[in-house]
Amino acid sequence: MKNVIDSEHSQTIFSGVKPTGRPHIGNYFGAMRQFVKLQEENKNGENYFCIVDYHALNLIQNAEEMRHLSLDVAIDFLAIGIDPKKSVIFKQSDVSEHTELAWIFDTITTVPYLKRAHAYKDAMTKGGEENISVGLFNYPMLMAADILLYDTDIVPVGQDQKQHIEFARDTAEKFNRIFPTQDGSTLGGGVFKLPEAYIMKDVETVPGIDGQKMSKSYNNTISLFASDEEIEKSVLSIVTDSDGEVPQNVFAIHSLIKPEKELKKIYEENKGKYKVLKDILIEDLKNFIRPMRERRGEIAKDLDFVNKVLEEGKEKARAVASQKMEQVRRAIGVS
Ligand code: AMP
Ligand code: TRP
């Protein structure tokens, strides 16, 4: 994999994960693995990984559950290798500038523009307008605020978030146009920097065990920290529609963890033997997941440490966000 960050130039990386349940290998290969890769490359820059609890509030409306799920994402981040010495791990709700800025963006965004969002359209086909909260409708503006508060250069995400990053760019441009800074001192005259999505081509949409996009809401996931038994159960239920005696879905998931060349040989040698191929995938997944799951188990025993990481993250993120908000307030004339 070639480097994204050139070591001479420090960059700002930002991404968010919703605390809505256990992460799956689609989240990991599609986005979270890139968090770690970028953290390692971006030695002189800033890396922010945010637990976006206010986004999750659209779905999780129970205090106990919200607390648990948010802490779980912090543990997940640490378990996959996000290092609090190199990256800021924090909760969105700990930095009130996110919601403050989202409101300001709401005032410069039109209803038809937000109606173009894929997530909104999906919700419309599923349940109709009566079931869509204003929070779900405005979701992209809160996400734009998350990203733009930190002068973000790069946002590692899966393909499903591409449109949201475009919305963030559009919103930054629109704000910069409507509210030019008086002194022209910031970022070439505008308050906000335009972010770029970082989407890895071959894993942009990881398929689930039914061949559709892997997603919590489709019940087709393989959990990133699954137990051996769960791995067996998930793999055995992969739907095996085949093309030339190669079970496509099994192969697609297998190619996440084994180089294509090795895989081709295995699948060639075991043409049509679906059970054998699934057993090989089970073993490979077990070996891949076990060390991360064990690490997660260790981290979960030390919640004081996890809470300390979140406390420190909050302070660091607040310092940056409050400065940016000062610029915003000046630009719109409320300071
Ligand atoms: P979420 O849990 O919805 O906050 O998603 C966290 C990250 O995982 C986002 O960057 C998503 O784009 C990414 N993601 C979710 N599902 C998939 C998938 N099936 N394939 C690739 N990336 C995904
Ligand atoms: N919308 C993203 C998702 O569903 C989560 C998210 C919220 C995010 N704010 C963000 C991702 C900022 C990247 C940057 O996965």
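Only the coordinates and a few stated rules stand behind these numbers; no lab work does. Please read all numbers here as calculations on a predicted model, not as lab measurements. Cβ: placed from backbone, ideal geometry, glycine included. Neighbour counts: every protein chain shown.
Each label was represented as a point 7 Å from its Cα along the Cα-to-Cβ direction; for Lys86 and Asp6 these points are 2.1 nm apart. If R0 equals 30 Å, the separation of the Cβ atoms of Thr125 and Met292 corresponds to a calculated FRET efficiency of about 0.25. Counting only residues at least eight positions apart within a chain, or on another chain, the lysines with an alpha carbon under 28 Å from that of Lys308 are Lys18, Lys37, Lys43, Lys85, Lys86, Lys91, Lys316, Lys324. Each Lys or Arg adds one and each Asp or Glu subtracts one; over the other residues with Cβ under 9 Å from the Cβ of Glu204, this totals 0.
Based on the convex hull around the alpha carbon atoms, the range 216-298 presents an average projected area of 5.6 nm².
Please find the FRET efficiency linking Arg330 to Ile257, where r is the Cβ-Cβ separation and R0 is fixed at 45 Å, and quote it to the nearest 0.05. That pair, Arg330 with Ile257, gives E of 0.35. Between the C-alpha center of the range 7-83 and that of the range 202-255 there is a gap of 22 Å.
Between Glu100 and Glu230, the simple spin-label model (points 7 angstrom out along Cα→Cβ) gives 3.9 nm.
Which values, in whole Å and largest first, are the semi-axes of the equivalent ellipsoid of the chain obtained as the square root of 5 times each eigenvalue of the Cα gyration tensor?
Taking √(5λ) for each Cα gyration eigenvalue gives 37, 22, 20 Å.
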